[in-house]
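**Q** Just dropping this structure here.
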Amino acid sequence: MSDYLLTNLRELEAEAIHIIREVAAEFENPVMLYSIGKDSSVMVRLAEKAFYPGKVPFPLMHIDSKWKFQEMIEFRDNYAREKGWDLIVHYNKEGYESGVGPFTHGSKVHTDIMKTQALLEGLNKYKFDAAFGGARRDEEKSRAKERIFSFRDKFHQWDPKNQRPELWNIYNAKVQKGESIRVFPISNWTELDIWQYIRLENIPIVPLYFAKERPIVDMDGNLIMADDERMPKELRDKAKMRMVRFRTLGCYPLTGAIDSEADTIEKIVEEMMTVTVSERTTRVIDFDQEASMEQKKREGYF
Amino acid sequence: MTDTKLNIREFLDQDQKKDLLRLLTAGSVDDGKSTLIGRLMFDSKMLYEDQLAALERDSKRVGHAGDDIDYALLLDGLKAEREQGITIDVAYRYFSTAKRKFIIADTPGHEQYTRNMITGGSTANLAIILIDARHGVITQTKRHTYLANLLGIKHVVVAINKMDLVDFSEKRYEEIRDSYEAFVTQLDVPDVNFIPLSALKGDNVVETSDRMPWYHGPSLLEFLENVHVSSDRNFDDMRFPVQYVLRPDIKFRGFSTSVASGIIRKGDEVMVLPSLKKSKVEKIITYDGELDYAFPPQSVTVTLEDEIDISRGDMLVHPDNLPRVERQFEAMLVWMDEKEMNLSTQFYIKHANNNTKARIDQIRYKVDVNTLEKSNIEKFKLNEIGRVVLTTTKPLFFDPYKKNKQTGSFILIDPVTHNTCAVGMIIDRMGSKHLPSRITDMDKEKIAKGEALIKTEEYEQSYNQKGETIWITGLHGSGKNELAFSLERKLFESGAKAVLIDGSSLRSGLNRELDYSPADRAEHLRRVAHICKMLNDQGIITIGSFISRNSSLRNQVAEIIGKDRFHMFYMDADLEYCRNNKPELYEKAEKGAIENLPGVDMEYEIPDNAKMLFNPEENEKNLDAILDYLATNKIFPIK
């Protein structure tokens with residue numbers, strides 16, 4: 001019978017492909033949210049697999065907070081061009097023009113305006129009825145309970161108490177006009193699964209994930225990279241070159257690096273096996289308030 | 001350095017080869033369920049330091065474990081739930097050991113959370129049923145076992161917890177084991193195992209305990225690492241429910257899905273349901289290259305040697321191994337909605353990538369999940385379970401759930417709220433001894449599908465005519481009815497079998513709920529077309545005289561009947577002529593007293609593809625022209 005046994009990774013892959021195809025079959029106007037992070041890279045590869053030898057039948061959308069690492073944007077543009085994706089880049093124009101940013105407005109206001117609001121604006125603008133996200137259930141407590149097809153009302157809000165039962169691999173795709181779903185094809189993957197898959201499939205990822213000497217400012221224990229001129233000068237002056245890498249990628253002033261020598265996937269995994277801090281703790285936004293991610297998700301954040 | 005690098009490579013290579021075990025844990029906080037999971041994860045070192053720190057902080061603030069770390073808090077994610085001290089949804093947890101990866105669906109134990117347990121258990125290979133050693137087998141134990149069995153979970157581990165509180169007594173363990181076994185024989189769980197343990201103290205969770213030397217079995221984790229689940233899948237009955245039709249260009253036509261059961265091989269002869277057409281598997285395609293065969297749950301794309309029309313929801317199967325193809329079946333239904341069941345609702349049903357509608361014909365009985373007693377009931381409320389009979393609009397291609405989870409399961413969706421209001425597991429209606437194990441008889445198959453055994457050609461030969469449709473379009477008052485009625489008489493006299501489909505008699509009977517709105521006019525015509533088709537299939541000539549005011553409606557009718565046997569004629573009478581014929585009707589419409597009259601407030605499109613144009617003043621000539629047309633085209637008579 002071992003001929004008919006899938007490894008854990010191939011089983012997760014098959015599940016994700018099933019989910020992606022189901023959305024393409026059932027929804028009129030799906031979009032894949034593309035964050036440029038490693039999970040997004042995996043998700044895009046899964047979408048390519050789902051429709052091979054055809055093209056992915058929906059666009060990707062990147063919500064640009066305008067404060068992403070420069071390397072991320074470079075990576076995004078090169079990769080999209082090379083692969084010929086249908087890529088939409090959306091940002092909150094009003095927020096951008098009024099100069100909203102984490103240094104001036106704090107992480108809460110910045111995240112709300114440049115990420116959550118921008119996302120809702122983007123989804124409304126193109127009238128997407130289904131949006132893929134790369135969230136995983138092992139990342140954070142409130143995610144562990146979220147469905148794979150996560151229903152959102154017309155204000156894009158999630159109601160954790162009123163989730164649709166989700167059984168077997170049968171997904172309820174019925175929505176009224178204006179309502180939508182968020183879909184998480186890699187819900188059941190762990191961080192290690194993601195790295196394994198990137199290694200196995202040779203999936204390109206942003207170099208920031210690998211250790212390198214970078215200009216770093218220590219802000220209350222958060223190792224923040226001086227990525228551009230918008231970091232206040234008094235902070236930038238404190239920057240020191242330090243061997244670091246990033247476990248997650250987001251807005252550079254809100255994403256802490258970790259000290260690391262890991263410059264290959266193998267070394268990253270090795271580090272992960274010994275490191276004792278879970279992934280999201282390097283994201284400043286989670287610490288804003290108790291149960292903060294759940295609150296953000298209720299408001300429409302991924 | 002090279003050394004470590006090699007090790008991590010080895011680790012990764014090993015790790016990616018591990019298989020996956022999905023397990024369900026059911027129990028309430030009092031049973032120590034969360035503590036047990038916390039222990040499994042903690043002792044297999046999947047808890048990170050910050051999670052532990054947060055846990056210690058939370059334990060002191062809201063914990064229920066005194067000064068000890070409250071593992072339960074780790075699992076109860078949502079704020080509201082944490083405050084109530086209970087897990088009210090399904091939480092998924094992940095951990096892995098050197099041998100295997102695990103996904104735990106952690107669900108609450110109380111009866112009011114039956115639906116959560118059902119949700120969490122649907123994909124599980126194995127269920128852990130927790131028993132508090134002090135209390136033994138209680139109502140909840142029976143309920144959880146019943147639900148696990150209902151979901152077709154083949155492996156059950158009875159974890160007899162809190163052994164430390166009964167002095168690790170072998171006698172107590174045996175009492176509980178015996179009483180559980182007495183109960184479980186009523187069900188048919190294939191694999192039941194008992195493990196005495198203490199989640200709080202760690203005995204027999206990860207390491208075998210020396211405090212229970214009388215127990216010679218594995219620890220819980222050892223058991224989970226070694227239990228053999230790969231053969232639980234159905235590898236016998238090939239079911240390929242088409243999920244997505246891949247058409248990147250006109251040359252390529254692929255059918256994608258996750259293989260539901262059985263093995264599909266390159267070169268296999270396959271039959272398509274519902275069309276019954278046959279072809280061979282040309283290629284099995286994946287991004288990573290072509291395969292010789294595919295098995296569940298692989299997600300692949302298949303191409304066939306012949307060009308056959310196949311859509312989402314159709315199913316490829318082996319011709320000598322067909323599922324049941326029926327519109328009516330029995331199922332065990334679990335009601336999942338706060339809103340109670342309404343028997344007059346027409347639900348959406350989703351089954352094996354198929355969407356259609358379903359009604360509940362009958363509730364056979366309700367099962368009391370605590371006592372397993374059956375009772376009669378009018379309708380189901382939240383968390384109630386029972387046996388029902390359902391009828392669907394389209395036939396489903398299914399197997400009994402016990403044999404095939406993938407093709408035996410479905411969900412019902414409320415048509416108003418769109419909530420998933422119930423989930424079902426199909427059971428074989430008749431006892432298996434009354435049924436051949438596999439339907440191979442084509443006649444039976446046809447009857448099941450509602451197809452006649454007499455072929456249309458046989459009728460045509462016998463009647464010396466072809467079952468086709470004469471369709472006369474024109475405005476109200478154009479004289480098309482006069483032509484239609486006299487044509488029917490004429491054909492009757494010539495020995496043809498012809499039926500006139502009369503709009504006004506349909507409207508007073510079969511279609512009496514329809515009005516003259518555009519939507520209802522279309523529905524009226526759709527039904528007319530189906531009647532024509534039915535009669536034509538049986539070799540009968542049908543004559544229809546309908547305004548059918550535009551090409552889209554006429555095309556729809558032609559599509560249903562079949563384009564080749566749809567012959568349209570146009571009664572070429574202008575509005576002036578019609579108004580003189582039916583002055584009252586047109587006056588009313590012009591005053592606005594009636595709406596939607598073609599030619600007045602609704603456009604009538606003159607057909608550009610009619611076989612002939614008729615002058616309403618020349619009825620005899622028109623009749624001859626039609627008879628001539630029928631003869632020339634060998635519609636009647638053929639010989």
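**Q** Would it be correct to say that B:G109 is at positive phi, away from every other protein chain (no Cβ under 11 Å) and modelled with pLDDT under 85? First the steps, then the outcome.
**A** Working: at positive phi: no; away from every other protein chain (no Cβ under 11 Å): yes; modelled with pLDDT under 85: yes.
Here the answer is no, as B:G109 does not meet what is asked.
**Q** Also: Within the stretch B:230-245, is even one residue facing another protein chain (nearest Cβ under 9 Å), closer than 23 Å to B:T303 by Cβ and open to solvent by less than 10 Å² (accessible area, probe 1.4 Å)?
**A** The answer is yes; a qualifying residue exists.
**Q** Now a separate question. Residues that are open to solvent by 30 Å² or more (accessible area, probe 1.4 Å): which strands (runs of 3 or more DSSP E) entirely in the stretch B:312-366 hold 2 or more of them? Write out each step before concluding.
**A** On the way: elements: B:315-317, B:324-335, B:347-351.
Per the criteria, B:324-335.
**Q** Determine, yes or no, whether B:L221 is assigned by TED's automatic domain parsing to the domain that holds B:D31 and in contact (Cβ under 8 Å) with a residue 40 or more places away in the chain.
**A** yes
**Q** On the given criteria, is B:N342 under 28 Å from B:S299 (Cβ atoms) and more than 14 Å from chain A (Cβ to nearest Cβ)? Break it down into steps so the answer makes sense when it comes.
**A** Numbers: under 28 Å from B:S299 (Cβ atoms): no; more than 14 Å from chain A (Cβ to nearest Cβ): yes.
Spelling it out, it is not the case that B:N342 is under 28 Å from B:S299 (Cβ atoms) and more than 14 Å from chain A (Cβ to nearest Cβ).
**Q** Yes or no: B:G562 modelled with pLDDT of 90 or more, open to solvent by less than 30 Å² (accessible area, probe 1.4 Å) and under 22 Å from B:K455 (Cβ atoms)?
**A** Working: modelled with pLDDT of 90 or more: yes; open to solvent by less than 30 Å² (accessible area, probe 1.4 Å): yes; under 22 Å from B:K455 (Cβ atoms): yes.
Taking the combined requirement at face value, the residue satisfies it.
So that you can scan it fast, the table gives a plain yes or no per residue for (1) touching a His at 6+ places or on another chain (Cβ under 8 Å); (2) not charged (D, E, K, R):
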{"residue": "A:F149", "(1), (2)": "no, yes"}
{"residue": "A:K154", "(1), (2)": "no, no"}
{"residue": "A:Q157", "(1), (2)": "no, yes"}
{"residue": "A:K161", "(1), (2)": "no, no"}
{"residue": "A:W168", "(1), (2)": "no, yes"}
{"residue": "A:N172", "(1), (2)": "yes, yes"}
{"residue": "A:R182", "(1), (2)": "no, no"}
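**Q** Looking at the stretch A:196-210, which of its residues are within 18 Å of A:E71 (Cα to Cα) and within 14 Å of chain B (Cβ to nearest Cβ)? Break it down into steps so the answer makes sense when it comes.
**A** Our first condition is that a residue be within 18 Å of A:E71 (Cα to Cα); within the stretch A:196-210, this holds for A:203-210.
Once the filter is applied, which keeps residues that are within 18 Å of A:E71 (Cα to Cα) and within 14 Å of chain B (Cβ to nearest Cβ), the stretch A:196-210 yields only A:I203.
**Q** Same structure again: Pick from the stretch B:520-540 the residues that are assigned to a helix (DSSP H, G or I) and open to solvent by 70 Å² or more (accessible area, probe 1.4 Å): which of them is nearest to B:Q461 (Cα to Cα)? If you could, list the steps in order and put the result at the bottom.
**A** Start the filter on the stretch B:520-540 by keeping residues that are assigned to a helix (DSSP H, G or I), which leaves B:520-537.
If we keep only those that are open to solvent by 70 Å² or more (accessible area, probe 1.4 Å) as well, we get B:526, B:530, B:534.
Numbers: B:R526: 28, B:H530: 23, B:M534: 17 Å.
The qualifying residue nearest to B:Q461 (Cα to Cα) is B:M534.
**Q** Still on this structure, I have one more. Return yes when A:D3 is away from every other protein chain (no Cβ under 14 Å), open to solvent by 20 Å² or more (accessible area, probe 1.4 Å) and more than 17 Å from the chain's Cα centre (by Cα) and no when it is not.
**A** Working: away from every other protein chain (no Cβ under 14 Å): no; open to solvent by 20 Å² or more (accessible area, probe 1.4 Å): yes; more than 17 Å from the chain's Cα centre (by Cα): yes.
Answer is no for this residue.
**Q** Take the residues of the stretch B:246-287 that are at pLDDT below 95 and in contact with a helix residue (DSSP H, G or I) (Cβ under 9 Å, 6 or more places away or on another chain): which is most open to solvent (accessible area, probe 1.4 Å)?
**A** Of everything passing the filter in the stretch B:246-287, B:P248 is most open to solvent (accessible area, probe 1.4 Å).
**Q** Tell me, which strands (runs of 3 or more DSSP E) wholly within the stretch A:111-219 include 2 or more residues that are open to solvent by 50 Å² or more (accessible area, probe 1.4 Å)?
**A** Hits in the stretch A:111-219: A:212-219.
**Q** Can you tell me which of (1) more than 24 Å from B:Y577 (Cα to Cα); (2) under 39 Å from the mean Cα position of the chain (by Cα); (3) among the small types (G, A, S) is the one B:A496 doesn't meet?
**A** Just one mismatch for B:A496, condition (2).
**Q** If a residue must be in contact with a strand residue (DSSP E or B) (Cβ under 8 Å, 6 or more places away or on another chain), within 22 Å of A:Q176 (Cα to Cα) and more than 14 Å from chain B (Cβ to nearest Cβ), how many such residues does the stretch A:94-129 contain?
**A** So the answer is 7.
**Q** Read through the list (1) in a loop (DSSP other than H, G, I, E, B); (2) surrounded by fewer than 19 Cβ atoms within 10 Å (Cβ to Cβ); (3) touching a strand residue (DSSP E or B) at 6+ places or on another chain (Cβ under 7 Å); (4) not acidic (D, E), then give the number of the only condition that B:V192 fails.
**A** (1)
**Q** Kindly state which strands (runs of 3 or more DSSP E) lie completely within the stretch B:82-176 and contain at least 2 residues that are open to solvent by 30 Å² or more (accessible area, probe 1.4 Å) and not assigned by TED's automatic domain parsing to the domain that holds B:D19.
**A** Working: elements: B:91-96, B:100-107, B:126-132, B:155-161.
In the stretch B:82-176, no matching strands (runs of 3 or more DSSP E) lie anywhere.
**Q** Tell me yes or no: at least one residue of the stretch A:91-106 is at pLDDT below 95, buried (at least 20 other Cβ atoms within 10 Å of the Cβ) and closer than 18 Å to A:P204 by Cα.
**A** no
**Q** Shifting gears a bit: Regarding B:T392, is this residue among the hydroxyl-bearing types (S, T, Y), in the same structural domain as B:G267 (by TED's automatic domain parsing) and surrounded by fewer than 21 Cβ atoms within 10 Å (Cβ to Cβ)? It would help to see each step written out before you state the result.
**A** Values: among the hydroxyl-bearing types (S, T, Y): yes; in the same structural domain as B:G267 (by TED's automatic domain parsing): no; surrounded by fewer than 21 Cβ atoms within 10 Å (Cβ to Cβ): yes.
Taking the combined requirement at face value, the residue does not satisfy it.
**Q** Moving on. Which condition breaks for A:S40 when tested against (1) under 27 Å from A:T111 (Cβ atoms); (2) among the hydroxyl-bearing types (S, T, Y); (3) within 14 Å of another protein chain (Cβ to nearest Cβ)?
**A** Failed condition: (3).
**Q** In the stretch A:44-82, what residues are assigned to a helix (DSSP H, G or I) and within 14 Å of chain B (Cβ to nearest Cβ)?
**A** Just the residues of the stretch A:44-82 that are assigned to a helix (DSSP H, G or I), to begin with: A:44-51, A:70-82.
Of everything in the stretch A:44-82, those that are assigned to a helix (DSSP H, G or I) and within 14 Å of chain B (Cβ to nearest Cβ) turn out to be A:V44, A:R45, A:L46, A:A47, A:E48, A:K49, A:A50, A:F51.
**Q** Quick check on B:T407: is it surrounded by fewer than 21 Cβ atoms within 10 Å (Cβ to Cβ) and either within 27 Å of B:E111 (Cβ to Cβ) or under 21 Å from the mean Cα position of the chain (by Cα) (or both)? Don't jump to the end; show me each part of the working.
**A** On the way: surrounded by fewer than 21 Cβ atoms within 10 Å (Cβ to Cβ): no; either within 27 Å of B:E111 (Cβ to Cβ) or under 21 Å from the mean Cα position of the chain (by Cα) (or both): yes.
No; evaluated as a whole, the condition is false for this residue.
**Q** Going by the conditions given, is A:S35 more than 21 Å from B:D249 (Cα to Cα), more than 13 Å from every other protein chain (Cβ to nearest Cβ), assigned to a loop (DSSP other than H, G, I, E, B) and open to solvent by 10 Å² or more (accessible area, probe 1.4 Å)? Lay out the reasoning, then the answer.
**A** On the way: more than 21 Å from B:D249 (Cα to Cα): yes; more than 13 Å from every other protein chain (Cβ to nearest Cβ): yes; assigned to a loop (DSSP other than H, G, I, E, B): yes; open to solvent by 10 Å² or more (accessible area, probe 1.4 Å): yes.
Here the answer is yes, as A:S35 does meet what is asked.
**Q** Are any residues in the stretch B:367-392 assigned to a strand (DSSP E or B) and at pLDDT below 90, and if so, which ones? Break it down into steps so the answer makes sense when it comes.
**A** Let us first name the residues in the stretch B:367-392 that are assigned to a strand (DSSP E or B), namely B:367, B:374-375, B:385-392.
None - no residue of the stretch B:367-392 is assigned to a strand (DSSP E or B) and at pLDDT below 90, so the list stays empty.
**Q** Suppose we filter the stretch B:598-639 for residues that are farther than 21 Å from B:S478 by Cβ, outside any helix (DSSP H, G or I) and not basic (K, R); how many remain? If you could, list the steps in order and put the result at the bottom.
**A** From the stretch B:598-639, those farther than 21 Å from B:S478 by Cβ are B:628, B:630-639; that's our starting set.
Adding the requirement that they be outside any helix (DSSP H, G or I) leaves B:633-639.
Cutting the leftovers down to not basic (K, R) gives us B:633, B:635-638.
Final tally of qualifying residues: 5.
The values are calculated or read from the model by the stated rules, or taken from the named source; none is laboratory data. Just so we're clear, the structure is a prediction, and the values are computed from it rather than from any experiment. Backbone-built Cβ (ideal geometry, glycine too); neighbour counts: all protein chains shown. These area figures cover heavy atoms from the full protein model, side chains too; ligands, DNA and RNA do not enter into them. Shrake-Rupley method; radii C 1.70, N 1.55, O 1.52, S 1.80 Å.
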